Amino acid sequence: MEKKIYMQNNDEYRIYGKGILFNNGFALNETATLVFRQCNGKNNFSEITNMLLSEYNVSTEEALADVNTCIEEMLENGIIIEVEK
């Protein structure tokens, strides 16, 4: 079975503090920036969630919700794309 993985789709951005501001006005906070950086064409949702769990002292439920929200918003704004592998 193929897994959906995520890949960055927008390289027009500036780093500000620990976040990212895209030229279209879409901004990522520190947590969303970590998620974005994991969207390298190799990682799936579970791998990204596990990375977040290793970086922050949060529950699995919080990490799942945060990653889901980040992925959905970045997909909607064209910041990342889903690819099958």
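Bear in mind that the values in this text are calculations on the coordinates, not laboratory data. All values derive from a computational prediction rather than experimental measurement. Cβ atoms come from the backbone with ideal geometry, glycine included; neighbour counts cover every protein chain shown.
Residues in region 44-85 that are charged (D, E, K, R), in contact with a helix residue (DSSP H, G or I) (Cβ under 8 Å, 6 or more places away or on another chain) and in contact (Cβ under 8 Å) with a residue 60 or more places away in the chain: Glu82 only.
Here is a yes/no grid of residues against (1) touching a residue at least 12 places away in the same chain (Cβ under 8 Å); (2) hydrophobic (A, V, I, L, M, F, W, C); (3) loosely packed, with under 14 Cβ neighbours inside 10 Å; (4) under 13 Å from Ile80 (Cα atoms):
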position: Met7; (1), (2), (3), (4): yes, yes, no, yes
position: Tyr16; (1), (2), (3), (4): no, no, yes, no
position: Phe22; (1), (2), (3), (4): yes, yes, no, yes
position: Phe26; (1), (2), (3), (4): yes, yes, no, yes
position: Arg37; (1), (2), (3), (4): no, no, no, yes
position: Lys42; (1), (2), (3), (4): yes, no, yes, yes
